[in-house]
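Okay, structure first, notes after.
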Amino acid sequence: MIHIDVNIAGWARRHNFLDALFRAGTAGFAIVVLLLLGAVLLALVRGAWPALAQFGAGFLVTEAWNPVKDRFGALAPIYGTLTTAAIAMLVGVPISFGIAVFLTETCPPWLKRPLGIAIELLAGIPSIIYGIWGLFIFAPFLQSTLQPFLIATHGELPWIGELFAGPPFGIGVLTAGLVLAIMVLPFITSIMRDVFETVPPMLRESAYGVGATTWEVVWNVVLPYTRAGVVGGVMLGLGRALGETMAVTFVIGNAHRISASVLAPGTTISATLANEFTEAIGELYISSLFALGLILFAITFIVLALARLMLARLKRQAGS
Amino acid sequence: MTLYARRRIRNAIALALSGAAMVFGVAWLAAILWALLANGVSALSIAMFTQMTPPPGSAGGLLNAIYGSAVMTVIATLIGAPVGVFAGTYLAEYGEGSRLVPVIRFVNDILLSAPSIIVGLFVYEIMVVQVGHFSAWAGATALALIVIPVVVRTTEDMLRLVPNSLREATAALGTPRWKIVTHVLYRAALQGMVTGAMLAVARISGETAPLLFTALNNQFWSTDLDAPMANLPVVIFQFALSPYEDWQKLAWSGALLITFVILILNVVARALASRSKKLV
C-alpha cells in the first residue's frame, strides 16, 4: 500500500507566503528606483544650498566666476551648454534623419544589418574616446580646414561675422558642438529608424500606389505619422548633448566667459564640474558647483521628460 | 520642366543626400577607430599590462588602472544587476493595473539618459562627504547607479517578450507565481537579460565623469576598496591632458584597449540578442 501524505493546506500557506514575499521584494527594488531620482534631487539641493542662499536667483544671470573673491555665477556655463547643444542639434538632426531614411527606405536588405550595427557601435564608444580624438585629431583638423574657411567667407559679413570672429584656435564652442553632433547621431538615428518602421505598410503602399516618389512618401506620409516619435528622439538626443561631459571638457577650452564667436573657447556646466570640482576649495566654491549640477539636472530632466512623453504618445497612437 | 521631372529630380537629390548622410555617419566610426589604431598600437606593449602608471619621463604601464577599472566594474555589476533584475521583474509581472508602475517606468527612463556627471555629484554628497575621503566603494556605487536603469529596462522588455501561454501553462500545473517567474520566465528570458547586463558593463567600463569625484585616481598599486583607486578612464583623462608625450602615448593605448573591450562586448551582446530574439 502506498501512502501519500499531502498536506495541501500547508503547501498552499507556504507558497502564498513566498508569493507575497517575492512580490513585496521586487516591489521594494522597484521603489528603490523611484526613490533614487528623489534622492539625487535632495542631495543636489543640499549641496547647492549655501550658494543658493548666498547668491539667490542672481546666480543664474551672473557671468562672474571668481574663486579668489568667492563670486560665482552660472551664466557662462549655462550659455555654453545651450550653444554647444544647439550646434549639435543643428548639425546632428538633419544627418540622423538622412541616415534613418536611408536605412528604412533605400538601403539594400543585406546592408541594413551591418550599417545598423556600425551606427550602434558609434553609440557604444565612450565619451572619453571622443574627447581624446577630438583634442588630438579633430580640433587640429578643424583649425587648418573648416575654421579658416569660415573666417574667410563669413568673418567680414555684418551680424553673422560676429559669430566667426577671432583666430582659429582649433578647440572652442564650435568644435565641442560638432563632436556632440557626432555623439548624438546614433541615438537620434536609432529612434528615428525605429519609429519609421512603425508606419503601417498599408499607408506607405497606398502612397506609392497613387504615384508618390520615395521622398514624397517619407516627407508627406512617414514623417507626419511619426512626428511625435521623431520629436521625442530629437529631445532624447538633446538631453544627451546637454549633459555630455568628458568629450566637451577636452575640446571646449574651459574659459569662463561668453563670447559671441563660436570659434572662441567657452565652458559648459558639465565641463566646469569635471575640471574644477576636485580642485575646488572652500564651501561656497563647492556649493556653487553643486548649484551648477542642480541647474543641469533641472534642464535635462525637463528635456528628457518631454522626450518620453512624446515617445509614449506615438506608442499609444500606434497601439490604437 | 514638367512637374513629373521636377518631382523625380527632387526625389533623386533627397535620396542622394540621405545616402551621403549614411556615408558621413560611418566615416566617423572609421576615423575614430583609425586614429585609435594609429596612435595606440605604437605604444602597446607587454609593459602596459605588467607595470604601474609611471611618473612623467619614465617607462611604465597601466596595470593599476586596468585592475581598478576591472574591480569597480565587477562590484558595480554585482550590486546593480540584481537590483535592476528584481525591479524590472516587478514592472513586467506585477505592473498590470498599477498606478505606481508607469511612474517608476518613467523615472527609470529619465535615469537611463540622465547625465552621468550628476550621478558622480550625488555619490560624492552621500558617500565621499560623509566618510571624508574618496574611495573605490564610492566609484563602484556610482557605476552601479548607472547599471540599474539599463538592467531594469532590458529585464522588463525581455520578460514581456515571453509569451503569456508559457505563464498560463505553468500556472495550470499549480505552480506558485514566484516559481513561475524564477524557474520558467527567467530561463526563457535569460539570453536577453544577459545581453542587457553586458551592455550595461560596456557602458560603465568607459564612464569617466562619475568616477572623477568618487574613486578619483591613484598613481600606485592599491587593492584597498576604502581608498582612492586608479581606473583607466580617469588615467586617460589626466594623461591625455598632460603636457608629457609619454603620458599622452599611454593615454592613447589605454583608449585603444578600452574601446576594443567595449566594442567586443557590444558585438557579442548583439550577436546573443539576435540569436534569441529582437532586442529593444
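The values are calculated or read from the model by the stated rules, or taken from the named source; none is laboratory data. Only a predicted model underlies this, so the values are computations on that prediction, with no experimental measurement involved. Because the Cβ atoms are built from the backbone with ideal geometry, glycine has one as well, and the counts that use them run over all protein chains shown. Side chains included, ligands, DNA and RNA excluded: accessible areas come from the protein's heavy atoms. Shrake-Rupley method; radii C 1.70, N 1.55, O 1.52, S 1.80 Å.
Observations, loosely collected:
- The helices (runs of 4 or more DSSP H) found wholly in the stretch A:192-263 and carrying at least 3 residues that are in contact (Cβ under 8 Å) with a residue 12 or more places away in the chain and assigned by TED's automatic domain parsing to the domain that holds residue A:314 occupy A:201-209, A:227-243, A:246-251.
- Test result for residue A:141, outside any loop (DSSP other than H, G, I, E, B), at pLDDT 85 or above and out of contact with any helix residue (DSSP H, G or I) (no Cβ under 7 Å at 6 or more places or on another chain): yes
- Of residues in the stretch B:2-57 being within 7 Å of chain A (Cβ to nearest Cβ) and β-branched (Val, Ile, Thr), the one least open to solvent (accessible area, probe 1.4 Å): B:32
- One residue stands out in the stretch B:58-97 among those that are farther than 17 Å from residue B:161 by Cα and hydroxyl-bearing (Ser, Thr, Tyr): the one that is surrounded by the most Cβ atoms within 10 Å (Cβ to Cβ), namely B:69.
- Close Cβ contacts (under 6 Å, 6 or more residues apart or on different chains) running from residues in the stretch B:33-56 that are closer than 17 Å to residue B:244 by Cα to residues that are of a type in the set (Lys, Arg) comprise B:43/B:249.
- Subset of the stretch A:103-137 (residues that are more than 8 Å from chain B (Cβ to nearest Cβ), open to solvent by 10 Å² or more (accessible area, probe 1.4 Å) and within 25 Å of residue A:175 (Cβ to Cβ)): A:123
- Condition met for residue B:155 (more than 8 Å from chain A (Cβ to nearest Cβ) and under 17 Å from residue B:193 (Cβ atoms)): yes
- All of (1) under 25 Å from residue A:235 (Cβ atoms); (2) touching a helix residue (DSSP H, G or I) at 6+ places or on another chain (Cβ under 7 Å); (3) more than 7 Å from chain B (Cβ to nearest Cβ) hold for residue A:182 with one exception: (3).
- Checking residue A:168 against (1) open to solvent by 40 Å² or more (accessible area, probe 1.4 Å); (2) in contact (Cβ under 8 Å) with a residue 24 or more places away in the chain; (3) assigned to a helix (DSSP H, G or I), the condition it does not meet: (3)
- Among the residues making up the stretch A:257-280, those that are surrounded by fewer than 20 Cβ atoms within 10 Å (Cβ to Cβ) and closer than 25 Å to residue B:217 by Cβ are A:275, A:276, A:278, A:279, A:280.
- Extreme residue, most open to solvent (accessible area, probe 1.4 Å), among residues of the stretch A:86-102 that are more than 7 Å from every other protein chain (Cβ to nearest Cβ) and either more than 30 Å from residue A:60 (Cβ to Cβ) or of a type outside the set (A, V, I, L, M) (or both): A:94
- Top-ranked residue in the stretch A:239-256 [being open to solvent by 40 Å² or more (accessible area, probe 1.4 Å) and within 13 Å of chain B (Cβ to nearest Cβ); ranked as modelled with the lowest pLDDT]: A:254
- Among the residues making up the stretch A:27-85, those that are open to solvent by 30 Å² or more (accessible area, probe 1.4 Å), over 25 Å from the mean Cα position of the chain (by Cα) and under 30 Å from residue B:90 (Cα atoms) are A:28, A:29, A:31.
- Listed by first and then second residue, the pairs linking a residue in the stretch B:93-104 that is facing chain A (nearest Cβ under 9 Å) to a residue that is assigned to a loop (DSSP other than H, G, I, E, B), with Cβ atoms under 7 Å apart and 6 or more places separating them unless they lie on different chains, are B:101/B:95.
- Scanning the stretch A:91-118 for residues that are within 19 Å of residue A:223 (Cβ to Cβ) and either among the charged types (D, E, K, R) or without any contact (Cβ under 8 Å) to a residue 40 or more places away in the chain (or both) turns up A:94, A:98, A:102, A:105, A:107.
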